[in-house]
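Below you'll find the structure, written out as structure tokens, and then a few comments.
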Amino acid sequence: MTITYDPFHPQYFVEADLRQEMTRVYDLCHGCRLCFKYCTAFPTLFEMVDRFEDQDAARLTTAEQDQVVDECFNCKLCYVNCPYTPGEHEWALDFPRLMLRAEQVRVRNHEVPMKQRLQTQALSRTDLAGKVSSALAPLANKALAATGKFPRTALEATVGIASERLLQPFAKQRFSTWFRKRRTTEPNKVGTAQGDVALFSTCLVEYQEPAIGEDLVKVYERNGVSCSLPEGQVCCGAPWLHSGDVDAFVKQGRKNVKVLADAVRAGRDIVVPQPTCSYVLKNDYVDYIGGPDAELVAEHTYDAAEYLITKIHKNDGTSLDLTFDGETHEKITYHAPCHLRAQNIGLRSRDLLKLTGAKVTVVAECSAIDGTWGYKEQNYETSRKVAKKMADAIDKADNDVVAGDCHLANGGIIQETGKHPQHPLQLFARAYGIPEER
């Protein structure tokens, strides 16, 4: 048995070694049970082990071990709760990365059914889907909006994307198009210089919600932060990683590492408006790609709100503009996404919203979308059961305004509550009096 989460280790892809490590970790998790509330994977594991008189996790079959893998959606909240993580305890227990390792071994061993392989291809080629769907936005959005009807049922039948899952629409004009046009017509919108950043816009902002990027740029420029958009960036590759295709993830990630490392060497920090993508840049590129460039990118990557709070508001020699002449709100419900909480940077978006004078209610329950997991037909019902706690908490807060950093989770909030969240930086822009462009 090898306790390793290193994909470069010679035993990493050896299934027999993996199975022994899964037994070790399952036994420890069964004895601890601190993470029982986060997803169905842990209750399933505990119930399966409990049925044995000696409660020996080694009695689980391969199929039972894999059922736990299938139910884990890698929210990474184990990192928030687990006292036995690598570097913190001799047991070196990293459940999320063990689940990724198991997925990756199945892919390497060609044990994934054809339909699931098609599912991975359909959900992971975000740049291709984004380019086509943006070009055909009215037609594509009409088709995507027809939940439970043809062509959504056809999409479910062919590539396994749940026909009832709400899919957010694509924008006619991509964020990069807006950014280039604005640089041509309004080349200098920055006042007193306080920072210089390169935006990793993410596929979600690039193709589906460019308004988030537009408001980010305007808020940053108002606070003296110049923004650039490096050419050559692509989707962070998280859908490939979470589906077990580590080779496709590394191929995708290397493109971004090169582009972003060049931006850092030019004196810029990296700012990311979506938490899953910022997590990938800060952690997964270092783990799966490695090298000085990946470490350089990780060291200089910030979540969008994190940068404003730590580098501008609380940094000596810089200051955040706290003059709010626009629309502010007395009460805001803020959904804290799992992949943002797992970064252990604090709730910086909540802190930003509080600066506008709002009383902020934090909802820290998972949407169970987590990348692409909640989009898959086989996970749809389970995803909604997990998300019910989030929906109940938002309904209980009963505030008119809901904010959330994650566009994927926000789609889940719309589906479960009917309320339409905005990115915190969008609410911050409205508080400044910056008008919406669309």
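All of the numbers you see were taken from the coordinates with simple rules; none came from a lab. None of these values were measured; they are calculated from a predicted model. In this analysis, Cβ positions are derived from the backbone assuming ideal geometry, glycine residues included, and neighbour counts consider all displayed protein chains.
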Pairwise centroid distance, computed over Cα atoms, of region 371-438 with region 136-210, Å = 16
task = Please name which of Val271, Thr192, Ala298 has its Cα lying farthest along the dipole of region 175-313 towards the positive end, using unit charges on Cβ (Lys, Arg +1; Asp, Glu -1) and the Cα centre as origin.
result = Thr192
query = Between the helical axis of 210-222 and the dominant principal axis of the chain, each derived from Cα atoms, what acute angle in degrees is found, rounded to the nearest 10?
reply = 50
inquiry  = When only alpha-carbon atoms are used, what values of Rg and Dmax, in angstrom, describe the chain?
reply    = 21.7, 73
query = Any idea what the dipole of region 23-167 comes to, in debye rounded to 20, about its Cα centre with Lys/Arg Cβ at +1 and Asp/Glu Cβ at -1?
reply = 980
request  = Over all directions, average the projected area of the Cα convex hull of region 331-432 and note it in nm².
outcome  = 6.0
task = Would you mind ranking Leu98, Leu136 so that the residue whose beta carbon has the fewest other beta carbons within 10 Å leads the list?
result = Leu136, Leu98
ask   = Which net charge results when you count Lys and Arg as +1 and Asp and Glu as -1 among the other residues whose beta-carbon is under 11 Å from that of Glu327?
value = -1
ask   = So how do 354-362, 282-290 stack up, highest first, on mean other-Cβ count within 10 Å?
value = 282-290, 354-362
key: Assigned charges on the beta-carbon of Lys, Arg, Asp, Glu; region 169-288 dipole about Cα centre (debye)   = 420
request  = Determine which lysines satisfy two conditions relative to Lys396: a Cα distance under 23 Å, and not lying fewer than 8 residues away in the same chain.
outcome  = Lys37, Lys331, Lys354, Lys359, Lys385, Lys388, Lys419
key: Selection from Val225, Pro169, Phe73 lying farthest towards where the dipole of the chain points positive, charges on Cβ   = Pro169
Label point at Glu64 placed 7 Å out along Cα→Cβ; residues across region 14-33 whose backbone nitrogen lies under 14 Å = 23-24, 26-27, 30
ask   = Straight-line reach from Lys255: which aspartates and glutamates have Cα under 18 Å away, leaving out those fewer than 8 places along the same chain?
value = Asp127, Glu206, Glu231, Asp245, Asp247, Asp269, Asp284, Asp287, Asp293, Glu295, Glu299
message = Among 216-223, 162-169, 312-319, 149-156, how do they line up by average Cβ neighbours within 10 Å per residue, starting with the highest?
response = 216-223, 162-169, 149-156, 312-319
remark   = Rounded to the nearest 10, the angle in degrees between the Cα long axis of helix 175-185 and the longest principal axis of the Cα atoms of the chain comes to 20
query = Counting pairs of alpha carbon atoms under 8 Å apart in space and at least six apart in sequence, what relative contact order in percent does region 24-180 give?
reply = 15
ask   = How large is the dipole of the chain about the Cα centre if only Lys and Arg carry +1 and Asp and Glu carry -1, each at its Cβ, rounded to the nearest 20 debye?
value = 1400
task = Return the Rg/Rh value of region 175-313, two decimal places, where both radii are evaluated on C-alpha atoms and Rh is the Kirkwood radius.
result = 0.96
Distance (nanometres) between label positions extended 7 Å along Cα→Cβ at Glu436 and Gln378 = 3.9
key: Relative contact order (percent, whole number), the chain, Cα cutoff 8 Å, 6+ residue spacing   = 15
Ascending count of other beta-carbon atoms within 10 Å, so fewest first, for Trp240, Trp91 = Trp91, Trp240
note = Which residues qualify? For Val362, with a placed amide H closer than 5 Å and at least 5 residues away or on another chain, they are Tyr334
key: Percent RCO, i.e. relative contact order, over region 255-358, from Cα pairs under 8 Å lying at least 6 residues apart   = 28
message = So, R0 is 22 Å and r is the distance between the beta-carbons of Thr158 and Phe13; what FRET efficiency does that work out to, to 0.05?
response = 0.15
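Tell me the net charge near Lys419. Cut-off is 11 Å between Cβ atoms, Lys419 excluded, with +1 for each Lys or Arg and -1 for each Asp or Glu.
-4
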task = Just name one of Ala364, Leu408, Leu139: the one whose Cα is farthest towards the positive end of the charge dipole of the chain (beta-carbon charges, Lys/Arg +1, Asp/Glu -1).
result = Leu139
inquiry  = Nearest 500 deg cm²/dmol is fine: what mean residue ellipticity at 222 nm does the chain get from its DSSP H runs of n ≥ 4 alone, each adding -39,500 (n - 2.57), divided by its residue count?
reply    = -14000 deg cm²/dmol
note = All alpha-carbon distances of region 47-91, grouped into 5 Å bins from 0, give the whole-percent distribution 5, 18, 17, 16, 26, 17, 2
